[in-house]
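Heads up: the structure comes next, in structure tokens.
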Amino acid sequence: MAATLTTTIRLAPAAKRRIVAAARRAGESPAKFISTAALARATASADTPDARLILLERRAAALREAVEDEIDARVGDAAWERHLATGSRLRTGEEVWRELGLPD
């Protein structure tokens, strides 16, 4: 039996549910499903139009994520500056949850 190595990845709960469901449909364990998909992607030729499109799609997604992160940072900075300028009172997480009528 060949030796195996363990690799840990962090997934959002929704992503994990999607992977587990897809693996179940394929009749594989989630680990096997992820491994197969990763190896297929790693061995895809970079010279094919599809591979170039996949690479471009990944780069576009990374750029969108970076833009969203920058927008979030600017919105947060502006809110903090407004708070400092007005001296408005900050609310705790519990207060916000109560105001929104959310369960504890």
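Okay, here's what the table says:
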read-out	value
Crossing angle, helix 30-43 versus the chain [Cα axis fit, 0-90 degrees, rounded to tens]	70
Cβ-placed point charges (K, R +1; D, E -1), dipole of the chain about Cα centre in debye, nearest 20	520
Size of the chain as Cα extents on the principal axes (Å, biggest first)	63, 36, 27
Residue of 57, 81, 65 that the Gaussian network model of the chain assigns the largest fluctuation, springs spanning Cα pairs under 10 Å	81
Hz values of 3J(HN,Hα) by residue in region 83-94 - Karplus curve (6.51, -1.76, 1.60), Gly and Pro given as x	4, 5, 6, 9, x, 5, 6, 8, 9, 6, x, 5
On Cα atoms only, tilt of 13-26 relative to the major axis of the chain in degrees	20
Sum of -39500 (n - 2.57) over DSSP H runs of 4+, divided by residues of the chain (222 nm, nearest 500)	-24000 deg cm²/dmol
Dimensions (Å) - region 46-104, Cα atoms, principal axes, largest first	57, 33, 11
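A short reminder: the numbers here are calculations on the coordinates, not readings from a lab. Not measured: the values here are computed from a predicted model. For neighbour counting, all protein chains shown are included, and Cβ atoms are generated from backbone atoms with ideal geometry for every residue, glycine included.
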